[in-house]
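The values are calculated or read from the model by the stated rules, or taken from the named source; none is laboratory data. Just so it is clear, the structure is predicted and the values come from calculations on it, not from any experiment. With ideal geometry, Cβ positions are generated from the backbone for all residues, glycine too; neighbour counts draw on all protein chains shown.
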Amino acid sequence: MLAGLLFLSVVVGIFVELAIKSAAAWRMFGLAFLWHADWNPVTRSFGALSMIYGSVVSSAIAIVLAATVGVLGAAYLADLAPRAVARPLFATIELLAAVPSVVFGLWGLFVLAPLMRTAVDPLLRHAFGFLPAFRGTLFGTSLLTAGIILAIMIIPTVLVLSYDVIRSVPEELREASISLGATPWETLWRVVLPAARGGVFGACVLALGRALGETIAVMMVIGNKPAIAPSLFAPAYTLTSVIANEFAEATSALYRSSLFAIGFTLFVVSMITNAAGRFLTMAVWRSRRGRGDER
Amino acid sequence: MRTALLTASFLTACTVLFAAPLSAAMQITGAGASFPYPFFSKAFYAYGQQHGDVFVNYQSIGSGGGIEQFTAKTVDFGASDVPMTPEELRRASSSGGSVIQFPTTLGGITIAYNLPATVRGGLRLTRELLAQIYLGRISRWNDAQLARLNPGASLPDLEIVPVNRSDASGTTYHFTDFLSRVSAEWKSRVGNAKSVQWPAANGIAAKGNEGVAGAVKQTPGAIGYVELAYALENKMTQADLRNRSGRWLSCEPATIKAAAATKPTLSATDFSIVDVAGESAWPISGFSWGMVYESPADRPRARLVHDVLTWLVTQAQPIAATLGYVPLPQNVASLAVRQLDRMKVDGR
């Protein structure tokens, strides 16, 4: 219980500290800070909109990619793959989770960004150029590259958690399905995954939380430009990158306070995301338990 | 067996505990600008070789960061490409007392670019065109104005990507100082500071001089401003600029020296040598500054700091020359030494 209280006090302490230090910015700009796109240290006009945009879009790209690959991968490894294949693959993916963020960043800057700029982006632009999201100059360091690197970083989280959830689906369900004549693939798709839905969703939300908070890797591949552009190939800025880039040298009080305000926003967004995920997971779990009791 | 292990760990702990204060006494820390970092890195290494037990640790975190850490007294000396503003000076003084600022090195900011190998080095840009590029008004390399200046070069139809600093930096300060003097639009729209809102639509930002160098090298069509030492180290193609006197020059020690020579009197309040009217003066040059407290709390340590910094501005200057910096002119070095002698150290 002591540990729990200690943890709670740390979280509350962070919240309070952020609130106090960002007060000057909130007083100056009001809630409009959240939808102002300006970031000008010279005229001391600050707004978080471009960072919120960058964080949300890069995390959205990441979770879409990671959820697809992670959940399907977990399903394959849990139910369909032969033991000899599943175990080493699983171990390798767990290893991926251990790679430090800055190493991902370096790899992203020197390998992924040039690859995107020379091979992937031109293809996407050629195929989907009619959409504004796939038009414009190719820099390599862009919102899309950041989204992809985040996806790679959170796949292990999604996969490992989904794997556990899928494995924990009662064997009776699988047996019942097979006894009714379903193929392993049909069992997976129509019985196991729907049963694991709640936990898998929770895993995705947890991974989303991680993606929103990722700093160094994103900072190295996103281009660090506080501007909102419709194109995914354009550089952008995230809530985390702006703090990492500019905090050490923010010399005016309002500048510092604005960065604290960004930190506060990030904190609140992360809390809401996690709370929403837990609530939804709990709701699904509770409803399943209710149905189970009837059996 | 167990007693042996215990004794061994006890002895190790003792050694570590007793050695720690000794090693702490011999480490001087500094932080700040990335502009002089290559020079400081090489110089302090040489100092360590000469004075076996003194280790100077300099962290290149940007001019703004250097001032912050100096004010917070987490480092012995700070470094910034721009002397402190009155507000920063006030904060530092109320934190640690009187501040001494002194020039540490002289360098130039060069314009590096990334174009296909068919375009030779030494592309010509006027100062006004450079401002237009960074304002976002000229967005393609095969623009008529650029082609007119460079008739021989077959400039490709490629987007210009102006790279700037994402962190607050003195390099940015000198560069925006230059742009403000050269373009009235830049002065009113953007201004001159360590960190500004960059107007070009196609620009990207990177952290540190090293970040900008990396970004320019990685992005075809990029153009960026970096300290000369970084451009030389990374073997980047550099542009020629036409200075105020109308001569086409490249960024090199001789032209930077010529810019410094136009200002015989230098002080922490009057230090700008950009866009000066010297015959062979490189238009984007600047001194880099160090700062130290006049009366640091730890007096014995202050003596070490004083000696290191005095060595830096006098005997270490030839090391700067090997990296593309310009050794401080004699009168400036004397000024620096005089400033440093104001430090209240052991025995004074």
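Surrounded by 21 or more Cβ atoms within 10 Å (Cβ to Cβ) and more than 10 Å from every other protein chain (Cβ to nearest Cβ), is that true of residue B:146?
Numbers: surrounded by 21 or more Cβ atoms within 10 Å (Cβ to Cβ): yes; more than 10 Å from every other protein chain (Cβ to nearest Cβ): yes.
When the stated conditions are applied, residue B:146 passes them.
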### Task
Sort through A:13, A:54, A:4 and tell me the only one that's at negative phi and within 14 Å of chain B (Cβ to nearest Cβ).
A:54
#### Entry: Candidate set from region B:174-194 (those that are among the polar types (S, T, N, Q) and within 12 Å of chain A (Cβ to nearest Cβ)); member that is surrounded by the fewest Cβ atoms within 10 Å (Cβ to Cβ)
B:188
### Task
With the condition kept exactly as written, say whether any residue in region A:253-269 is at pLDDT 90 or above, crowded, with 21+ Cβ neighbours inside 10 Å and within 15 Å of residue B:205 (Cα to Cα).
no
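With the condition being touching a residue at least 12 places away in the same chain (Cβ under 8 Å) and among the small types (Gly, Ala, Ser), I'd like the helices (runs of 4 or more DSSP H) fully within region B:214-313 carrying at least 3 qualifying residues. Walk me through how you get there before you give the answer.
Values: elements: B:228-233, B:253-261, B:299-313.
It comes to B:253-261.
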### Summary
Sole miss for residue B:112 among (1) closer than 18 Å to residue B:174 by Cα; (2) in contact with a Phe, Trp or Tyr (Cβ under 7 Å, 6 or more places away or on another chain); (3) modelled with pLDDT of 90 or more is condition (2)
### Query
So how many residues does region A:193-226 have that are surrounded by fewer than 20 Cβ atoms within 10 Å (Cβ to Cβ) and either among the aromatic types (Phe, Trp, Tyr) or not in a helix (DSSP H, G or I) (or both)?
2
### Pick from region A:227-254, criterion part of a loop (DSSP other than H, G, I, E, B) and in contact with a strand residue (DSSP E or B) (Cβ under 9 Å, 6 or more places away or on another chain), ranking: farthest from the other protein chains (Cβ to nearest Cβ)
A:228
### Query
Within region B:223-232, is even one residue within 28 Å of residue B:59 (Cβ to Cβ) and within 14 Å of chain A (Cβ to nearest Cβ)?
yes
### Message
Looking at A:106, A:77, A:159, A:173, can you tell me which residue is within 14 Å of another protein chain (Cβ to nearest Cβ), out of contact with any Asp or Glu (no Cβ under 7 Å at 6 or more places or on another chain) and surrounded by 14 or more Cβ atoms within 10 Å (Cβ to Cβ)?
### Response
A:106
### Query
For residues in region B:314-348 being part of a loop (DSSP other than H, G, I, E, B) and of a type in the set (D, E, K, R), which is farthest from residue B:42 (Cα to Cα)?
B:348
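Taking residue A:143 as the residue in question, decide whether it is within 14 Å of chain B (Cβ to nearest Cβ) and closer than 30 Å to residue B:217 by Cα. Break it down stepwise before answering.
Working: within 14 Å of chain B (Cβ to nearest Cβ): yes; closer than 30 Å to residue B:217 by Cα: yes.
So residue A:143 passes the test.
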### Test for residue B:104: is it closer than 22 Å to residue B:286 by Cα and either of a type in the set (S, T, N, Q) or within 14 Å of another protein chain (Cβ to nearest Cβ) (or both)
yes
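Inside region B:1-98, counting only strands (runs of 3 or more DSSP E) that do not spill past its ends, which hold 2 or more residues that are over 30 Å from residue B:318 (Cβ atoms), within 14 Å of chain A (Cβ to nearest Cβ) and at pLDDT below 80?
Working: elements: B:27-32, B:55-60, B:77-80.
Ranges flagged: none.
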### Residue that is nearest to the other protein chains (Cβ to nearest Cβ) [pool: residues in region A:16-51 that are crowded, with 19+ Cβ neighbours inside 10 Å and of a type in the set (A, V, I, L, M)]
A:51
